[in-house]
Amino acid sequence: MGFSTKQIHAGVEPDPVTGAILTPVYQTTTFVQDSVDEYLSKGYSYSRSGNPTVQALERKLAVLENGAACTCYATGMAAIQAVIQAILSGGDHAIVSDVAYGGTYRLCTTVYQRYGVEFSFVNTADPDEVRAAVRDNTRLILTETPANPTLKLTDIAAVSGIASEHGIAHAVDNTFLTPFYQRPLELGANISIHSTTKYFDGHNATVGGATITDSEELDEKIRFVQNAGGVIMSPWVAWLTLQGIKTLSIRMDCQSANARAIAEFLEAHPKVTRAFYPGLASFPQHELAASQASGYGAMLWFEVEGGVAAGKKLMDSVRLCTLAENLGSVETLITHPVTMTHADVEEAERHRVGITDGLVRLSVGLEDVEDLIDDLSGALQRI
Ligand SMILES: *Cc1c(COP(=O)(O)O)cnc(C)c1O
């Protein structure tokens, strides 16, 4: 079956009691048991440990990522935290992409370092640097590709090869491309992580997260800490996400086509000094983008003449593009990572990995692309 068929039908079936075509929102804390001896005979006890609406989403995501099992969470950060908690103990070491979502960096450095976990932030775009960073106590390689916000890519198959040689788990944050364009487990990774807040939801309605694993056993380990810590997804969020996913492939294709057109417009504009989009031939890792994913996504970034001040003016003068954190929604969002999503990454570290003060990030939405280009064109004239 093709992806679009699966995104609509996988994991769900008409409600056996009423025939409702949509999985109901099972908004209940507890589930009544038939008897002490038949405890859990219907499979549910308490909504922290399992809820039918959330499980429908988990089944669907496992199918879409071609994985063994999925667990959903309150947020994308909770998903990343569950992976860390399930795999790493004090004294263990993890290799993390040096460019990643700001919250990932913050979680590692301000929380888990305090528990005695060691982290190396490595340029995972170069497999040799990953290999060189492996220690005897390395248990996890956590990569994000394309990485937020510079779009630096990691060769998933190459890094998975290094990880498996050393018996290390490889987790990939696949939020930017979704399984419609990129399936890390098929390339050898063990865990695919998502902020479902982004393209799965697609409508700026919810925050949520997911992990999909290549084995049931690994999912059980992760699910154990999820239940122990209680960072579950609510049934309402799961229900909204189930609806969002039904249009994932068409949203991704249209938003990516818009992003390409905007990237080409920006690249040719005299006031734009640099424009980065994995689909452009000028993108430094364009070939890797084309070979490990079936699409380039809808995220891009650029810098304008006049540096930081001009970039800020541009973000303040767009009218249709909306100044906001978040990405992946049908609304086009413009972000200044240095003051917004990556404010907690130290300045020296930001500069080392190429998150410049003038970097403007664009999450391209589903509006008519001519309107978006008009908006950007007008704002560029005003800077
Ligand atoms: C947003 C994001 C996260 C964090 O997800 P939340 O749902 O905001 O907690 C993690 N990784 C990437 C790549 C993201 O874009």
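The values are calculated or read from the model by the stated rules, or taken from the named source; none is laboratory data. None of these values were measured; they are calculated from a predicted model. For neighbour counting, all protein chains shown are included, and Cβ atoms are generated from backbone atoms with ideal geometry for every residue, glycine included. When the accessible area is computed, the model is the full protein with side chains, heavy atoms only, and any ligands, DNA or RNA have been set aside. Shrake-Rupley method; radii C 1.70, N 1.55, O 1.52, S 1.80 Å.
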Of (1) within 30 Å of SER249 (Cβ to Cβ); (2) away from the ligand (no atom under 16 Å from the Cβ); (3) open to solvent by less than 10 Å² (accessible area, probe 1.4 Å), ALA68 satisfies all except one. Which?
(3)
Which of the residues belonging to the range 264-282 are free of Cβ contacts under 8 Å to residues at least 40 places away in the same chain and either among the basic types (Lys, Arg) or under 15 Å from PHE176 (Cβ atoms) (or both)?
ARG274, GLY279
In the range 175-223, what residues are within 12 Å of the ligand (Cβ to nearest atom) and of a type in the set (A, V, I, L, M)?
LEU177, ILE193, VAL207, ALA210
If you go through the range 110-118 one residue at a time, do you hit one that is crowded, with 23+ Cβ neighbours inside 10 Å, away from the ligand (no atom under 16 Å from the Cβ) and farther than 18 Å from SER195 by Cα?
no
Tell me, yes or no, whether the range 250-261 has at least one residue that is outside any helix (DSSP H, G or I), surrounded by fewer than 21 Cβ atoms within 10 Å (Cβ to Cβ) and of a type outside the set (Lys, Arg).
no
Hey, among THR145, THR150, which residue is open to solvent by 10 Å² or more (accessible area, probe 1.4 Å) and either among the β-branched types (Val, Ile, Thr) or without any contact (Cβ under 8 Å) to a residue 60 or more places away in the chain (or both)?
THR150
Those residues of the range 332-360 which are over 14 Å from ALA100 (Cα atoms) and touching a strand residue (DSSP E or B) at 6+ places or on another chain (Cβ under 6 Å) amount to LEU333, ILE334, THR335, GLY358, LEU359, VAL360
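Taking the range 88-108 only, how many residues are open to solvent by less than 30 Å² (accessible area, probe 1.4 Å) and either away from the ligand (no atom under 15 Å from the Cβ) or small (Gly, Ala, Ser) (or both)? Give the derivation first.
Start the filter on the range 88-108 by keeping residues that are open to solvent by less than 30 Å² (accessible area, probe 1.4 Å), which leaves 88, 92-100, 102-105, 107-108.
If we keep only those that are either away from the ligand (no atom under 15 Å from the Cβ) or small (Gly, Ala, Ser) (or both) too, we end up with 88, 92-95, 97, 100, 102-103.
Selection size over the range 88-108: 9.
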Select the helices (runs of 4 or more DSSP H) contained entirely in the range 32-106, then report the ones holding at least 1 residues which are of a type in the set (D, E, K, R).
52-64, 102-106
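Going by the conditions given, is SER47 assigned by TED's automatic domain parsing to the domain that holds GLN226 and loosely packed, with under 12 Cβ neighbours inside 10 Å?
Details: assigned by TED's automatic domain parsing to the domain that holds GLN226: yes; loosely packed, with under 12 Cβ neighbours inside 10 Å: no.
Criteria not met by SER47.
Are any residues in the range 244-262 of a type in the set (Lys, Arg) and more than 19 Å from the chain's Cα centre (by Cα), and if so, which ones?
First pass over the range 244-262, keeping only residues of a type in the set (Lys, Arg): 246, 251, 260.
Result: ARG260, single match.
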Residue that is nearest to the ligand (Cβ to nearest atom), among those in the range 146-174 that are farther than 25 Å from ASP344 by Cβ and among the acidic types (Asp, Glu)
ASP155
